[in-house]
Amino acid sequence: MRRIMKKTVILAIESSCDDTSAAVLCDGVLLSNVTASQKVHEEFGGVVPELASRAHQLNIMPVVDTALKRAGVDKSGLSAIAVTRGPGLLGSLLVGTSFAKGLAMALGIPLVEVNHLQGHVMAHFVETNDAEPHHPQYPFLCLLVSGGNSQIVKVDAQEGKHMPKMEIIGQTIDDAAGEAFDKCAKVLGLPYPGGPWIDKLAKQGNPKAFVFAEPNIAGYNYSFSGLKTSFLYTIRDLMKAHGVSSVDELADCIPNFKEDLCASLQYTIVDVLMRKLKKAAKDLEISQVAVAGGVSANSGLRDAFIDYGRRYRWQVFIPPFAFTTDNAAMIAQAGYCKFLDGEFCPIDAVPFAKTVI
């Protein structure tokens, strides 16, 4: 008599910042991925932790319910629950982890913790019924860039395990690339989040119009605090030269000012990111190169990846836009691998705000 194998169905929950997301994965194939974003932070120009956690409390039940319904899965058919344990905002993480713990205990199924940063890397392995699988081969380098992180991660297989080994070989020593985008956008009076607005204006500007100071950091590490200072000094000096007191007045004096400034800023940030990545790929003799994180949605960075791939014979991997920002699909993929490896989380584990891969 043939043995019928039970399907492995993972419900994943992501609540590390201001997006409440749930996804369902069945035997490695994504069935649903639902995300509720929070608009309340726009008027404050950044995420307010207390407001974020309150919004998660309102969103988590309907988001999980919608994800299960879209997947056509009843909660009784779940094999495990994967949840982001950190890093992130503690209040936000507490909402997601508490919900996941309660549901796992009620259903009598395992809980799997996922490192948020590892989730971003694992977004490259998410499979859907709509597209052919296309993911990096081990070993590969992943440039992980978001509002809070800028890292070069070496990813390699682990013998006898489904979850790969991840080693940070380079990272920012101060600010992240995404933070630089958002803070410079705020100086220009652009809405939050500022990164997409910088990208939009940059498409209409001259990337060589302004020159900003670039950091000289050893190895594969990054630094963006000096670049932000150079950006501010450029605006300050131009205001003084034109006798004005605001960015909008300066824009009236200089044709295409904001567009050129955004294009130059984006060009500089992308150039800094790619030069270090190029050095790492050359030194380690790795030609499989991926990008992940929220900033991977930036058109300038995506174009640079394609260009570098062509010039240096890299095989590049750029995630779909749906998997660039915080989402539960990437948590589900990482959780699925850890479930297959038998790596479960104790029910008394607490979330954490900061960590490394």
Cross-link reach from Lys75 to aspartates and glutamates, straight Cα distance under 18 Å and at least 8 residues apart if same chain, gives Glu14, Asp27, Asp65
In whole percent, the fraction of accessible protein surface over the chain that belongs to carbon or sulfur atoms, probe radius 1.4 Å, stands at 53
Most packed first (mean Cβ within 10 Å per residue), the peptides 66-74, 144-152 order as 144-152, 66-74
Projected onto the charge dipole of the chain (unit charges on the beta-carbon of Lys, Arg, Asp and Glu, signs +1, +1, -1, -1), the Cα from Gln204, Ala80, Gly293 with the largest positive-side position is that of Ala80
In whole µm²/s, the translational diffusion coefficient that Stokes-Einstein assigns to the chain, given a Kirkwood hydrodynamic radius over C-alpha pairs, 25 °C and 0.890 mPa s, equals 115
Note to self: with every protein chain in place and a 1.4 Å probe, the chain gives an accessible area per residue in Å² of 47
The helix 49-71 Cα axis meets the longest alpha-carbon principal axis of the chain at an angle in degrees, between 0 and 90 and rounded to 10, of 50
One would report the antiparallel percent of DSSP beta bridges in the chain, rounded to the nearest 5, as 60
In whole percent, the Cα-Cα distances of the stretch 125-212 spread across 10 Å bins from 0 upward as 14, 29, 29, 21, 6, 0
Of all C-alpha pairs within the stretch 204-248, those more than 16 angstrom apart amount in percent to 53
For the chain, longest principal axis from Cα atoms; helix 299-312 axis from its Cα atoms; angle between them, nearest 10 degrees, is 90
Rounded to the nearest 10, the angle in degrees between the Cα long axis of helix 257-284 and the longest principal axis of the Cα atoms of the chain comes to 60
Mean-square fluctuation maximum in Gaussian network of the chain, Cα pairs under 10 Å, restricted to Ala80, Ala131, Ala329, hits Ala131
Accessible-area order for Glu249, Glu132, largest to smallest, probe 1.4 angstrom, reads Glu132, Glu249
Toy charge model, Lys and Arg Cβ at +1, Asp and Glu Cβ at -1: the chain dipole around Cα centroid in debye, rounded to 20, equals 680
PRE zone check, label point 7 Å out along Cα-to-Cβ of Thr128, amide N under 11 Å, scope the stretch 11-32, hits 30-32
The Cα extents of the stretch 214-309 along the principal axes, largest first and rounded to whole Å, are 52, 26, 19
Toy charge model, Lys and Arg Cβ at +1, Asp and Glu Cβ at -1: the stretch 61-132 dipole around Cα centroid in debye, rounded to 20, equals 320
In the chain, taking the dipole from +1 charges on Lys and Arg beta carbons and -1 charges on Asp and Glu beta carbons about the Cα centre, the listed residue (His120, Ile109, Ala67) farthest towards the positive end is Ile109
Of every Cα-Cα pair in the stretch 144-280, the percentage lying beyond 20 Å is 49
Restricting to aspartates and glutamates and to Cα separations under 13 Å from Lys161, and discarding same-chain partners fewer than 8 apart, the set is Asp341, Glu343
About its Cα centre, the stretch 124-251 carries a charge dipole, from +1 on Lys and Arg Cβ atoms and -1 on Asp and Glu Cβ atoms, whose size in debye to the nearest 20 is 400
Its Cα gyration tensor gives the stretch 1-132 an equivalent ellipsoid whose semi-axes in whole Å, largest first, are 27, 16, 13
Net charge (Lys, Arg +1; Asp, Glu -1) of residues whose beta-carbon lies under 14 Å from that of Asp27, Asp27 excluded, is +1
Of the listed pairs Lys154/Lys276; Lys186/Lys278; Lys39/Lys338, those with alpha carbons more than 22 Å apart are Lys186/Lys278; Lys39/Lys338
Semi-axes of the stretch 167-212 from the Cα gyration tensor (sqrt of 5 times each eigenvalue, largest first, whole Å) come to 22, 14, 10
Counting all Cα-Cα pairs in the stretch 80-189, those more than 17 Å apart amount in percent to 67
Ignoring ligands and nucleic acids, Ser32 exposes an accessible area, probe 1.4 Å, in Å² to the nearest 10, of 10
For the stretch 205-357, whose charge dipole is built from +1 on Lys and Arg Cβ atoms and -1 on Asp and Glu Cβ atoms, the candidate among Asn221, Leu284, His242 with its Cα farthest towards the positive end is Leu284
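The values are calculated or read from the model by the stated rules, or taken from the named source; none is laboratory data. Keep in mind the model is a prediction, meaning the values are calculated, not measured. Positions of Cβ are generated from backbone atoms using ideal geometry, with glycine treated the same way; all protein chains shown enter the neighbour counts. The accessibility values were calculated without ligands, DNA or RNA, using every heavy atom of the protein model including side chains. Shrake-Rupley method; radii C 1.70, N 1.55, O 1.52, S 1.80 Å.
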